[in-house]
Structure formats: C-alpha cells, structure tokens
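Step one of this worksheet: look at the structure below.
The values are calculated or read from the model by the stated rules, or taken from the named source; none is laboratory data. Every value quoted in this text rests on a predicted model; they were computed, and no experiment measured them. Cβ placement follows ideal geometry from the backbone for every residue including glycine, while neighbour counts extend to all protein chains displayed. Calculation scope for accessible area: heavy atoms of the full protein, side chains included, ligands and nucleic acids excluded. Shrake-Rupley method; radii C 1.70, N 1.55, O 1.52, S 1.80 Å.
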Amino acid sequence: MSSKNTLTDAIKEDHQEMYEYYDNYKKAAGDSDAQARWARQLTWEIARHAVGEEIVVYPLMEKHMGQEGIKLANQDREDHQQVKEQLYQLESLTAGTNDYDALMTRVMAHLRQHNDSEETQDLPQLEPALGQEGSQQAAASFTRTKKFAPTRPHPSAPNKPPAETLVGFLALPIDKLKDMFTKFPTEEMKKVAEQDQE
C-alpha cells in the first residue's frame with residue numbers, strides 16, 4: 001500500500017482481502033486442510049484489522065464526528081465483538097465440517113454488512129473531517145498498528161484504547177507463538193488463488 005493512500009483505501013483493501021480469503025476457503029470445499037489454512041488466514045486478517053480500527057479509526061470518528069461518530073464507533077465495536085466471539089468459537093470446530101461451514105457463513109454475512117456500513121457511512125463522513133493529509137496519516141497509522149496487533153480473536157479483551165493497546169501487546173507474543181505451529185496457505189496456494197482471480 002502506498003503512503004499516499006487514504007484511510008478509506010486502506011480499509012477497503014483489507015475488506016477485499018477478507019473476501020478473497022473467504023472465497024478461497026469456499027473453493028477449497030472437500031479439502032479440509034486447505035480450508036483450515038484459508039480460514040486461519042482469514043481469521044488472522046480479521047483480528048488484526050479489527051484491532052487496527054478500534055485503536056486508530058474509531059477514536060478518530062469519536063473525535064471528529066461528534067455524537068454521530070460516537071454512536072457509529074460504538075455500533076462498530078459491537079459488530080466487532082460479535083465477529084470476535086464467532087471466530088473464537090471456530091477455534092473449537094474442525095474446518096470442513098457442516099458446523100464450521102455454517103458458522104463461517106454467519107461470520108462473513110455479518111462482516112459484509114459491517115464492512116459495507118463502514119464504507120458507505122463511517123468513512124464518507126470521517127474523510128472530509130480528516131482532510132487528505134490527515135487521511136493519509138491515519139492510513140499509515142492503521143497499517144502500522146496492524147503489525148503489532150494480536151492475530152487471533154480475543155473476545156474478552158477490552159475494545160478501546162488505552163486498555164486494548166496494552167492487552168493487545170500482551171497477547172501478541174502468545175498469538176505469534178501459536179501462529180508458528182499453525183498452517184497457513186502455502187505460497188503455491190496463494191499463487192493459484194491469484195491466478196483464479198484474474
């Protein structure tokens with residue numbers, strides 16, 4: 001992502017990645033190993049994205065959009081909480097099973113509605129308040145924050161800074177350790193998925 005991208009560009013890029021990972025999960029039907037890998041990649045992206053928004057974007061909405069920003073940010077946090085709880089439930093299920101598929105479908109349905117709301121309501125109201133330079137700075141901060149965000153859902157963690165920031169930093173090493181022993185899509189799987197999308 002270019003440093004000239006706006007906050008909306010950064011958020012939409014993440015949303016698109018989520019949809020692509022889910023599409024790859026669905027295309028892998030019948031191959032539980034591949035489905036587990038794509039589901040893990042999707043969860044990894046959602047977890048980092050959610051924390052980035054909660055630490056960077058929602059405080060900006062509250063600061064620049066008044067009561068409407070507070071209302072929208074609180075609704076977004078509630079949406080994130082629901083998705084975090086569902087993703088946490090996924091960890092106890094086996095990829096490729098009917099229960100797993102049904103829960104994954106619910107996660108994505110809720111996530112699409114939430115993402116659409118951000119793209120059509122939240123960001124169009126926030127961008128003018130930030131201005132071009134402020135939006136680019138917010139995008140850079142959002143991207144940077146994701147590098148230090150937990151990579152797994154933590155539904156019992158706080159969802160507002162500064163408590164979320166502290167808990168996130170404490171959870172990150174444990175998440176990274178778990179990630180070392182988790183299978184993600186291989187480079188070959190990613191190349192095949194890219195070719196399928198072209």
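If you check Q82 against the conditions, is it surrounded by 15 or more Cβ atoms within 10 Å (Cβ to Cβ), polar (S, T, N, Q), under 19 Å from the mean Cα position of the chain (by Cα) and at pLDDT 80 or above?
Values: surrounded by 15 or more Cβ atoms within 10 Å (Cβ to Cβ): yes; polar (S, T, N, Q): yes; under 19 Å from the mean Cα position of the chain (by Cα): yes; at pLDDT 80 or above: yes.
Yes.
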Query raised in the report: What are the pairs, 6+ residues apart or on separate chains, where a residue within region 107-119 that is closer than 17 Å to P153 by Cβ has its Cβ under 6 Å from a residue that is surrounded by 14 or more Cβ atoms within 10 Å (Cβ to Cβ) and aromatic (F, W, Y)?
Result: M108/Y22
Report task. Test A109 against the criterion of being aliphatic (A, V, I, L, M), within 16 Å of the chain's Cα centre (by Cα), part of a helix (DSSP H, G or I) and surrounded by fewer than 22 Cβ atoms within 10 Å (Cβ to Cβ), and give yes or no. Result -> yes
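For region 142-154, which positions are in a helix (DSSP H, G or I) and open to solvent by 10 Å² or more (accessible area, probe 1.4 Å)?
At the first step, the residues of region 142-154 found to be in a helix (DSSP H, G or I) are 142-147.
Matches in region 142-154: T143, R144, T145, K146, K147.
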Report summary line: A95 meets each of (1) part of a helix (DSSP H, G or I); (2) open to solvent by less than 60 Å² (accessible area, probe 1.4 Å) with one exception, condition (1)
Query raised in the report: In region 35-58, how many are under 17 Å from P185 (Cβ atoms) and over 13 Å from the mean Cα position of the chain (by Cα)?
Result: 4
Query raised in the report: Of the residues in region 13-62, how many are open to solvent by 40 Å² or more (accessible area, probe 1.4 Å) and in a loop (DSSP other than H, G, I, E, B)?
Result: 3
Report task. Please find, within region 137-157, the residue that is nearest to T8 (Cα to Cα) out of those that are of a type in the set (A, V, I, L, M, F, W, C) and at pLDDT 90 or above. Result -> A139
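If I go through region 125-144 residue by residue, how many of them are in contact (Cβ under 8 Å) with a residue 24 or more places away in the chain, under 13 Å from V57 (Cβ atoms) and not small (G, A, S)? I'd like the intermediate steps shown before the answer.
As a first pass, look at region 125-144 and keep what is in contact (Cβ under 8 Å) with a residue 24 or more places away in the chain: 125-127, 129-130, 132, 135-136, 138-143.
In the following step, the residues that additionally are under 13 Å from V57 (Cβ atoms) were identified as 125-127, 129-130, 135, 138-143.
If we keep only those that are not small (G, A, S) as well, we get 125-127, 130, 142-143.
Qualifying residue count for the region: 6.
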Query - Complete set of residues in region 115-141 that are buried (at least 19 other Cβ atoms within 10 Å of the Cβ) and more than 19 Å from Q82 (Cβ to Cβ) - result: L123, L126, L130, S135, Q136, A138, A139
